[in-house]
């Protein structure tokens, strides 16, 4: 008979990670956008200086970028370092590769029976992700425009044996998105996307004598926010 704690770990690990991600996405995005809004307000208040000085975001059709490298500040809260490298196929199309590595720490109640929860435990997981995107710029172009596209992502979490229980999970995410990208003449790049994923998760937990596994599939919403540089 498989002990109940193993089933509990295997079934809920990835669902908890998605809930944690959603919360951090909202808070982190607000923190990042706030200083940008303040800067815009200050620039508008300067009136006469606007015409004399070039603004930060300038788009000259003669200045073209072929490669964008951006970082997700949202993932740093885990912390995970996630980089996206986008290559321009044409003015209206691009392909991107995504990679990330880091750790995720979660807190959960320790379960001793089906109805009793006692105490909390902290668990750290090594996290890896790799993915790809296809982007079509419906309005504008590679350096400044609205994009539609599709994303596929593979995720892996791995925890070494803790309290005699080792756990790991793997997930595949596929889905469409709508986004907007700004790549200024000086290279500064801002990229944001919202969309939906179909998520397929397989989680496993084991100890010295028993093992358990669980499989889930669900639809999730996602938000990507990246900043970086274009060449």
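The values are calculated or read from the model by the stated rules, or taken from the named source; none is laboratory data. Computed from a predicted structure; not experimentally measured. Quick reminder, even Gly has a Cβ in these numbers, built from the backbone with ideal geometry, and neighbours come from all protein chains shown.
Any residue that is modelled with pLDDT of 95 or more, in a strand (DSSP E or B) and surrounded by 12 or more Cβ atoms within 10 Å (Cβ to Cβ) - is there at least one of those in the stretch 105-112? Taking every residue of the stretch 105-112 in turn, none turns out to be modelled with pLDDT of 95 or more, in a strand (DSSP E or B) and surrounded by 12 or more Cβ atoms within 10 Å (Cβ to Cβ).
Provide a single number: the residues in the stretch 63-79 that are under 14 Å from the mean Cα position of the chain (by Cα) and buried (at least 19 other Cβ atoms within 10 Å of the Cβ). Write out each step before concluding.
As a first pass, look at the stretch 63-79 and keep what is under 14 Å from the mean Cα position of the chain (by Cα): 70-79.
Filter once more, so that each one left must be buried (at least 19 other Cβ atoms within 10 Å of the Cβ): 70, 72, 74-75, 78.
Residues flagged as under 14 Å from the mean Cα position of the chain (by Cα) and buried (at least 19 other Cβ atoms within 10 Å of the Cβ) within the stretch 63-79 amount to 5.
In the stretch 154-179, the qualifying residues are those that are at pLDDT 95 or above and surrounded by 17 or more Cβ atoms within 10 Å (Cβ to Cβ), and the one that is nearest to residue 228 (Cα to Cα) is 179. Taken over the stretch 180-196, the residue count meeting the criterion of being under 10 Å from residue 223 (Cβ atoms) and crowded, with 20+ Cβ neighbours inside 10 Å is 1. For residue 186, the conditions (1) more than 17 Å from the chain's Cα centre (by Cα); (2) assigned to a strand (DSSP E or B) are fulfilled apart from (2). So which residues in the stretch 199-220 are within 19 Å of the chain's Cα centre (by Cα) and surrounded by 14 or more Cβ atoms within 10 Å (Cβ to Cβ)? Answer for the stretch 199-220, where residues must be within 19 Å of the chain's Cα centre (by Cα) and surrounded by 14 or more Cβ atoms within 10 Å (Cβ to Cβ): 199, 200, 201, 220.
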